[in-house]
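The values are calculated or read from the model by the stated rules, or taken from the named source; none is laboratory data. Just so it is clear, the structure is predicted and the values come from calculations on it, not from any experiment. Cβ placement follows ideal geometry from the backbone for every residue including glycine, while neighbour counts extend to all protein chains displayed. Areas reflect the complete protein model, heavy atoms only, side chains present, ligands, DNA and RNA absent. Shrake-Rupley method; radii C 1.70, N 1.55, O 1.52, S 1.80 Å.
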Amino acid sequence: MNSPDRPFLQGDLFIVAAPSGAGKTSLVAALIAAMPEAAVSVSHTTRPRRPHEVNGVNYHFVDEDTFKRMQANNEFVESATVFGNLYGTSRAEVERITSAGQHVILEIDWQGAGQIRATLPGTKSIFILPPSTETLRERLRARGEDDEQTIERRMAEAINEMSHYAEFDYIVVNDEFEEALARMIQIIRGRGDEFTVEAQKPGLRPLLRDLLP
């Protein structure tokens, strides 16, 4: 996968994106636990740390001035604004993982995915979909972190996020967690042809009609 456009990469780079509530974080955590040959790149963010989160594990939490200074110094391979907060993937974090010969898993949104594809050709991308609109809403409520107004705002943003599914290489529907995890592992290990967007389009039409009104 190495090329002049991505000289610091030794392993493959995989983007994993999903709307809020689709289960991306849990799936990626399970994926990393099951695959020693892969590691997640911990993003930087300006959003407040939630009570259960650990700095340096879930995110590198920084203030806005620090983030913008890193942007100005070209320290991010991608960055985006999501729900009013800044998120970015640092070049140093990617180099840390690839120097160990591991594949890099990036948990980013569709904006960041577009930047990565433009600057690092050959990157593979996976989009995670919920099994239904109602399931997505229930998962957001089950977090117990947001009021109904915020949940509806997140649902609207989820529709926008999911509308970009066709820009990705693979789709995984997170209905049964273990099955979704197994599919992601197959993709990372190069055996995921049946999970490409093109291969699944006919079967996904009813789900997409529900998710993208």
At 1.4 Å probe size, with no ligands or nucleic acids counted, give the accessible surface of H44 in Å², nearest ten. 20 Å²
Counting heavy atoms of the protein chains only and a 1.4 Å probe, report the per residue accessible area for region 143-213 as a whole number of Å². 57 Å²
In region 147-213, the GluC sites (Glu not before Pro) that sit in a DSSP loop and have at most 16 other Cβ atoms within 10 Å of their own Cβ are E176
May I ask for the longest run of the chain untouched by chymotrypsin sites (Phe, Trp or Tyr not before Pro) that are loop-located per DSSP and have at most 13 neighbouring C-beta atoms (other than their own) within 10 Å? 84-213
With θ set to phi - 60°, apply the Karplus curve 6.51 cos²θ - 1.76 cosθ + 1.60 along region 49-60 and write out the HN-Hα couplings as whole Hz, x wherever there is a Gly or Pro. 6, 7, x, 8, 8, 10, 4, x, 10, 7, 8, 8
If the cut-off is a Cα-Cα distance under 27 Å, which lysines reach K68, setting aside same-chain residues fewer than 8 apart in sequence? K24
Within-13-Å neighbourhood charge of R50 [Cβ basis; K, R +1; D, E -1]: 0
Placed amide H near R47: partners under 5 Å, 5+ positions off or other chain: L86
At q = 0.10, 0.18, 0.19, 0.21 1/Å the base-10 log of I(q)/I(0) from the Debye formula over the alpha-carbon atoms of region 104-209 is -0.31, -0.99, -1.09, -1.26
Simple Cβ-charge dipole of region 76-209, Lys/Arg +1 and Asp/Glu -1, about Cα centre, in debye nearest 20: 340 debye
With the calculation restricted to Cα positions, what are the radius of gyration and Dmax of the chain in angstrom? 16.7, 48
Pull up all non-local amide H partners of I15: gap of 5 or more, or a different chain, and H-to-H distance under 5 Å with H placed in the peptide plane. L106, K124, S125, I126
